[in-house]
Amino acid sequence: MSDKKIALIGDIVGSRQIKKRADFDERLSVALQGLNRQRSGLLSPYTVTIGDEIQALFSNAGQLFCDTVTIQAAIYPQRMRFSIGVGELVTPVNPLHAIGMDGPAFHLARDGISTLKKNNDLYIIQGETPNLVLINSSLGLVSHFMHKWSRTRLQVLEDLMHAKTVKEIAAAHGISEQAVYKNIHAGELDKVIELFQQIENALDSAIGG
């Protein structure tokens, strides 16, 4: 069985410009608490760490990208950049908080954050993963469009990834079914979901899942 894990580091874009910081922190905290209650494969829970970052550790990719979309919708109009590192740990897993752990998985994720700060993308994967160059190029395209998306489009994407129907999505957000379809088509959300699923499969393959 592989000893590789999936480390996630999230970093808030433009954190110093956040207005109503207490409200922002509350929205982020509620979103992370919800993910920690529901997420299978979570070895170390979503944790706010030093500065404006979050960390988590996973045994599989599962709903990894759905998690990130949930966070993006919760903190809108702020964005968060996400770096995913695939590698081993040299310290024990901390099942209570995603702190105090070290190893290639987190080193790679940390390097990815540095890269994202330079290229303005929102997603990157680091480590031995099939088709990594193609994956990161695809994530760069998704990042480009996601920067321009509204909260509603992020919420529609999140709900679609949870297999909700158009009628359910419309009712949940107080919009028409036509508006839901417009967001799906304008954002090519079906293709985004398919891409995310394929990347999650590649991550699971990389760790032997």
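Each value in this text was obtained by applying a stated rule to the coordinates, not by laboratory testing. Note that this is a predicted model, so its numbers are computed, not measured. All Cβ positions, glycine included, derive from the backbone under ideal geometry; neighbour counts span all protein chains shown.
For this structure, a couple of remarks:
- Of the residues making up segment 65-112, those that are closer than 18 Å to LYS5 by Cα, surrounded by 19 or more Cβ atoms within 10 Å (Cβ to Cβ) and among the aliphatic types (A, V, I, L, M) are ILE84, VAL86, LEU89, ALA98, MET101, ALA105, LEU108, ALA109.
- The set of residues in segment 96-110 that are on the phi < 0 side of the Ramachandran plot and either out of contact with any strand residue (DSSP E or B) (no Cβ under 6 Å at 6 or more places or on another chain) or of a type in the set (A, V, I, L, M, F, W, C) (or both) comprises LEU96, ALA98, ILE99, MET101, ASP102, ALA105, PHE106, HIS107, LEU108, ALA109, ARG110.
- Taken over segment 1-29, the criterion of being farther than 30 Å from THR129 by Cβ, touching a residue at least 40 places away in the same chain (Cβ under 8 Å) and among the charged types (D, E, K, R) is satisfied by ARG27 alone.
- When residues of segment 21-64 are limited to those that are small (Gly, Ala, Ser) and part of a strand (DSSP E or B), the one surrounded by the fewest Cβ atoms within 10 Å (Cβ to Cβ): ALA56
- So LEU43, is it of a type in the set (A, V, I, L, M), in contact (Cβ under 8 Å) with a residue 40 or more places away in the chain and within 23 Å of ASP204 (Cα to Cα): yes
- Of the helices (runs of 4 or more DSSP H) contained entirely in segment 145-209, those carrying at least 2 residues that are among the acidic types (Asp, Glu) and surrounded by 14 or more Cβ atoms within 10 Å (Cβ to Cβ) fall at 151-161, 189-206.
- Candidates in segment 114-126 are the residues that are under 17 Å from the mean Cα position of the chain (by Cα) and not in a strand (DSSP E or B); of these, the one that is surrounded by the fewest Cβ atoms within 10 Å (Cβ to Cβ) is SER114.
- Residues in segment 92-113 that are of a type in the set (Val, Ile, Thr) and more than 17 Å from the chain's Cα centre (by Cα) were compared, and the one that is farthest from SER40 (Cα to Cα) is ILE99.
- Hits in segment 161-198 - residues which are among the β-branched types (Val, Ile, Thr) and in contact with a helix residue (DSSP H, G or I) (Cβ under 8 Å, 6 or more places away or on another chain): VAL166, ILE169, ILE175, VAL180, ILE184, VAL192, ILE193
- Note on segment 191-209: residues that are touching a residue at least 12 places away in the same chain (Cβ under 8 Å) and over 16 Å from the mean Cα position of the chain (by Cα) total 5.
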